[in-house]
Amino acid sequence: MTDTTQYRFDDLRSACAEDWRAYIRHDFVAQLADATLPRASFEHYLKQDYLFLIHFARAFALAAYKSRTLADLRQAHEGLKAIVDLELGLHVDYCQEWGIREAELEALPEARATMAYTRYVLDTGHRGDLLDLHVALAPCVIGYGEIANWINQRPSTVRGADNPYDAWIAMYASTEFQDAMRAEQEWLDARLAEVTPARFQELVMVFRDATRLEIDFWAMGLERRA
């Protein structure tokens, strides 16, 4: 690539294709789609995902601090409000459907995989700029939407009442989440188009690390690791 190359999110994904595929098509995800994932594994994931969302909110607060334009500040503010005012409440309600009470969620210890990924995101945001932070978050913000699409494209996927995880699939396949995924990718495309090849390679390392930590998060759920 020459210095005139305009990078896009697809270039990040291509640079980390093997790790990205291992993340999107992880055994946790495949078993969830096939309705064969052990209930205990899903419940362990749900509990840790509550803790992840709290740190995700902190990451958007950091994004607000890192913002240099009003548009970026508004984007960070809306992301923070969506998590604190809506998504966390929905997650608590969903956990209750699985017999997990809010008091239990608040008393949970963090699994090592939860600490590793969330602290990596926050540390990357503190050390770097707003683009570093968004790239570190991309495996979650964009990845979950891609995972839902991959699930729905699989011939063996079980949907509806026969799959106890159908509501989870529907959440990330929803128009609202898919629109948010596309908006995030468009934001990244616009910023990546301005970076140099050397800067792009730095961002590849961030994206690869974050993707591998997301893989570990799936493994944590599947194997019920503390």
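So that you can scan it fast, the table gives a plain yes or no per residue for (1) crowded, with 20+ Cβ neighbours inside 10 Å; (2) in contact (Cβ under 8 Å) with a residue 24 or more places away in the chain; (3) of a type in the set (Ser, Thr, Tyr):
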position: 93; (1), (2), (3): no, no, no
position: 116; (1), (2), (3): no, yes, no
position: 129; (1), (2), (3): no, yes, no
position: 134; (1), (2), (3): yes, yes, no
position: 138; (1), (2), (3): yes, yes, no
- Counting only residues that are in contact with a Ser or Thr (Cβ under 8 Å, 6 or more places away or on another chain), give me the helices (runs of 4 or more DSSP H) lying completely in region 3-113 with at least 3 of them. 17-24, 27-34, 39-66, 70-81
- Give me the pairs: first residue in region 141-155 and buried (at least 20 other Cβ atoms within 10 Å of the Cβ), second residue not in a helix (DSSP H, G or I), beta-carbon distance under 8 Å, and six or more apart or on different chains, which are they? 151/157
- Note on the structure: Residue pairs within 7 Å by beta carbon, gap of at least six or interchain, first lying in region 42-71 and in contact (Cβ under 8 Å) with a residue 12 or more places away in the chain, second of a type in the set (Asp, Glu) and surrounded by fewer than 19 Cβ atoms within 10 Å (Cβ to Cβ), listed first then second, are 51/110; 53/87; 66/129
- Task: Mind listing whichever residues of region 189-226 are part of a loop (DSSP other than H, G, I, E, B) and either of a type in the set (Lys, Arg) or at positive phi (or both)?
- Result: 224, 225
- State which residue is farthest from residue 135 (Cα to Cα) when the search covers only region 39-73 and only residues that are basic (Lys, Arg) and touching a helix residue (DSSP H, G or I) at 6+ places or on another chain (Cβ under 9 Å). 47
- Note on the structure: Result of the Cβ filter at 7 Å on region 185-210, keeping first residues that are under 21 Å from residue 123 (Cα atoms) and surrounded by 15 or more Cβ atoms within 10 Å (Cβ to Cβ) and partners that are among the basic types (Lys, Arg) and modelled with pLDDT of 95 or more, at least 6 apart or interchain, is 192/8
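Conditions (1) within 21 Å of residue 50 (Cβ to Cβ); (2) among the β-branched types (Val, Ile, Thr); (3) under 16 Å from the mean Cα position of the chain (by Cα), marked per residue:
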position	(1), (2), (3)
121	yes, yes, yes
124	no, yes, yes
148	yes, no, yes
152	no, no, no
159	no, no, no
- Does any residue of region 71-87 turn out to be buried (at least 16 other Cβ atoms within 10 Å of the Cβ), over 27 Å from residue 10 (Cβ atoms) and at pLDDT 95 or above? no
- Note on the structure: Of the residues in region 156-176, those that are surrounded by 17 or more Cβ atoms within 10 Å (Cβ to Cβ) and part of a loop (DSSP other than H, G, I, E, B) number 4
- Item | Answer from 110, 87, 97 - the residue that is more than 18 Å from the chain's Cα centre (by Cα) and either in contact (Cβ under 8 Å) with a residue 12 or more places away in the chain or closer than 25 Å to residue 165 by Cβ (or both) | 97
- Message: Please count how many residues of region 119-134 are under 19 Å from residue 79 (Cα atoms) and outside any helix (DSSP H, G or I).
- Response: 1
- Looking at 9, 60, 28, which one is at pLDDT below 95 and of a type in the set (A, V, I, L, M, F, W, C)? 60
- Message: Given the criteria assigned to a loop (DSSP other than H, G, I, E, B) and either touching a Leu at 6+ places or on another chain (Cβ under 6 Å) or farther than 27 Å from residue 37 by Cβ (or both), does residue 186 qualify?
- Response: no
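The values are calculated or read from the model by the stated rules, or taken from the named source; none is laboratory data. This structure is a prediction, so every number in the text was calculated from the model and none was measured. Cβ sites come from the backbone with ideal geometry, for glycine too, and all protein chains shown count toward neighbours.
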